[in-house]
1. Restricting to strands (runs of 3 or more DSSP E) lying wholly in region A:334-432: which have 3 or more residues that are within 19 Å of A:Lys174 (Cβ to Cβ)?
2. I'm checking my understanding of the structure. Among residues of region A:11-31 that are within 26 Å of the chain's Cα centre (by Cα) and small (Gly, Ala, Ser), which one is nearest to the other protein chains (Cβ to nearest Cβ)?
3. Report yes if some residue within region A:53-61 is at pLDDT 95 or above and within 13 Å of chain B (Cβ to nearest Cβ); otherwise report no.
4. Are any residues in region A:127-144 within 11 Å of chain B (Cβ to nearest Cβ) and in contact (Cβ under 8 Å) with a residue 24 or more places away in the chain, and if so, which ones?
5. If the requirement is being farther than 19 Å from A:Gln288 by Cα and away from chain B (no Cβ under 14 Å), which of these qualifies: A:Pro424, A:Pro408?
6. Would you mind telling me which numbered condition in (1) under 25 Å from B:Leu160 (Cα atoms); (2) among the charged types (D, E, K, R); (3) within 12 Å of another protein chain (Cβ to nearest Cβ) A:Glu34 fails?
7. Against the definition (farther than 28 Å from A:Asp121 by Cα and basic (Lys, Arg)), how does A:Arg333 come out, yes or no?
8. Take residues that are under 13 Å from the mean Cα position of the chain (by Cα) and tell me which of the helices (runs of 4 or more DSSP H) falling wholly in region B:1-89 contain 1 or more.
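The values are calculated or read from the model by the stated rules, or taken from the named source; none is laboratory data. Since the model is a prediction, treat every value here as computed from it, not as a measurement. Counting neighbours? That spans all protein chains shown, and the Cβs are built from the backbone with ideal geometry, glycine included.
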Amino acid sequence: MGNTIAEKIFATHLVDTPASGVNVIRLDAVFCHEITTPGAILDLMARGKDRVFDPARIKAVIDHVTPAKDSKTATQGLILRQWARRHNIIDFFDIGRNGVCHALFPEKGFVRPGYTVIMGDSHTCTHGAFGAFAAGVGTTDLEVGILKGVCAFRSPETLKVEITGTMAPGVFAKDVILSLIGRIGVGGATNKVIEFGGPVVAAMDMEARMTLCNMAIEAGGTCGICAPDAVTVDYLWPFIAADYPNREAALAAYQRFNPDPDAHYVDTIVHDVSDLTPQVTFDYKPDQVKSVAEMAGAPVDQVYIGSCTNGRISDLRAAAKVLEGRRIADTVRAIVSPATPQVYQEALKEGLIEIFMDAGFCVTNPTCGACLGMSNGVLAEGEVCASTTNRNFYGRMGKGALVHLMSPATAAATAIEGVITNSPLFTDPQPA
Amino acid sequence: MKSFSGNVLFLDRSDINTDEIIPAKYLTEVERQKLKPYLLEDLKLAGFDPKRDLQEKRVVLSRANFGCGSSREHAPWALEANGIHVVVAESFARIFRQNMFNCGLLALELPADIVDGLFTAFAGRATRVDTDWQARQLTFRSGGDQRTVHFDLSDFDSDLVEAGGWVEYADSKY
């Protein structure tokens, strides 16, 4: 029997099987941020093990609360900064060069097909868009990753999701993943890797694939993976040009991780998106999803565009297209947080920042901040936010607040109307 | 090894996420004990009052997909800071479950019908669990009522708990 992508990656990285079904694998990259890493650093120091397995394979960023909002967050940044200097971790991104980790690290070319990656952050599954096995872990797993370059995982069962059909204009990867989570539930992929495939994924650019894989964890998935193809190679080419004679050679090398035709999947889901309309969550779980049309007219207090799900340049372009020449409703405040300095600069060059500001948006520096209610846009009790982020948990963006997850286009249209509404980019494939 | 016995906190809901267990705004704490007052502060469960209901509790019983969402190990740390070393549930989110064992804590899965039976028999009553590690048994007791259930653990999970967590285990072996 053949193997899935995750099984092939595990086979090439296996270090030990300490028990049946448990695989200790070698790590190609360990990513770190200032919220979950300081605990690992302090614990290593307390144990007399203040070492790193390979400074070149560790990448670190201050992104969750930046610039620091108080003494506690300043201390977290300090612990990470001093540790990076002490161990000669060159790829450390401090204030001014920092961005949301799952947008910044791909942009720097740190993820390659076939890689194994961990980070103390559940949205590490985003990097599976590159055909890598990338998983969120806790601080102890991170600590061992930093120290030894290994991590233990159960054998990866794979759920295949074939995305078929044709997306209507104004329907985005965010709508696809929300509809899938609505279908399989918040525990639908627990302990499984989701392998995304089919013609819709093949036609997606890397940013859309990252949005798709980013929310695999919202269905409980260990990782979302897309098979590497020419789109992957084109994205990575500036970083790998020295390693391969041409793109075809890179593609051939990467495609050894593609799933075998007779690979075993625990389940295969065909998800047809031809009739899919823009989606939005309505309560406190990411699988509580409705069409925007069903939720139309629900008022919001704040609109937030950003995060590792939807803070990349294509997201800002989609929102700006809706906003151009228009103003947000008087009853609404709106925030856009470009996910990285590069996204921010590109948005400036393209005139998108001007469009956002003319529309009445507050433009913040790149940070995770508001998405998890830590800074830069926390809500008051009873307030409602239309957000392009990934979690609508009770209290997530502020105690007692409600979050509606949606695409950047829908969020922009909602900002203009002050109530949830479909964007003018959307054309209903089956008008009533 | 830590103590795995004591009074039971019943959380009768599925999909309790780690934001509910410990809200992100407290992740600026680097000392684990400082998380203690904030455990389950944002839990969405009718009638639940963390200040009142967490008193002297040592074991959590819950439903499916406990610990979903964020990878924050602050969730197990906040439980441990309150003396809770065991969560028993129908199922767990992967990262939360691994974090528990990595800290030398127990995340025990029991079949849905058995969990349901425990809720039916004991929820709403002062209930204690005694854990027999060698026999892999949990005994729930309230008044004169008693029910013993068996749990399974892989050798690897058991090794982690006996070693007190993953760091020493991995550093000695790899």
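1. By residue number, A:384-387, A:402-405.
2. Top of the filtered list is A:Ala29.
3. Looking for residues that are at pLDDT 95 or above and within 13 Å of chain B (Cβ to nearest Cβ), one finds at least one in region A:53-61, hence yes.
4. Scanning region A:127-144 gives A:Ala135, A:Gly136, A:Gly138, A:Thr139, A:Thr140, A:Leu142, A:Glu143.
5. That would be A:Pro424, the only listed residue that is farther than 19 Å from A:Gln288 by Cα and away from chain B (no Cβ under 14 Å).
6. Unmet for A:Glu34, out of (1) under 25 Å from B:Leu160 (Cα atoms); (2) among the charged types (D, E, K, R); (3) within 12 Å of another protein chain (Cβ to nearest Cβ): (1).
7. When the stated conditions are applied, A:Arg333 passes them.
8. It comes to B:18-21, B:74-81.
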